[in-house]
């Protein structure tokens, strides 16, 4: 399976991260252990939602959409 996920920082700041992975549990562990440079300063992270896709191309397209302006609006309204 291929996952698109949304996490929020629990460190107090309103930080959100949208990503893609094929191993969701390991990816969340990596974010919380500081292995991702862009998310390390805002640890710890809490998984808010994820969507599973059987097709990698569809998952990557949805991740790109969520990172767009209308995708952010959709996530704020529907995925929090």
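Values quoted throughout were computed directly from the atomic coordinates according to the rules given, and no laboratory measurement underlies them. Since the structure is predicted, the reported quantities are computational estimates derived from the model, not experimental observations. Cβ coordinates were reconstructed from backbone atoms using ideal geometry, including for glycine residues, and neighbour counts include every protein chain displayed.
Working out 0.36 nm times the residue gap between residue 67 and residue 38, then minus their Cα-Cα distance, what length gain in nm do you get to one decimal? Walk me through the numbers on the way to the answer.
Values: separation 29, 0.36 × 29 = 10.44 nm, distance 1.50 nm.
Contour length minus Cα-Cα distance gives 8.9 nm.
With contributions of -39500 (n - 2.57) from each DSSP H run of at least four residues, the per-residue ellipticity at 222 nm computed over the chain stands at -11500 deg cm²/dmol. Would you mind calculating the relative contact order of the chain from Cα pairs under 8 angstrom and at least 6 residues apart, reporting the percent as a whole number? Dividing the mean separation by the residue count of the chain yields 37 percent. Percent of alpha carbon pairs in the chain separated by more than 23 Å? Value for the chain: 17 percent of Cα pairs lie more than 23 Å apart. Modelled spin labels at residue 13 and residue 55, positioned 7 Å past Cα toward Cβ, are 3.7 nm from each other. Highest mean packing comes first when the peptides 58-64, 38-44 are listed by Cβ atoms within 10 Å, giving 58-64, 38-44.
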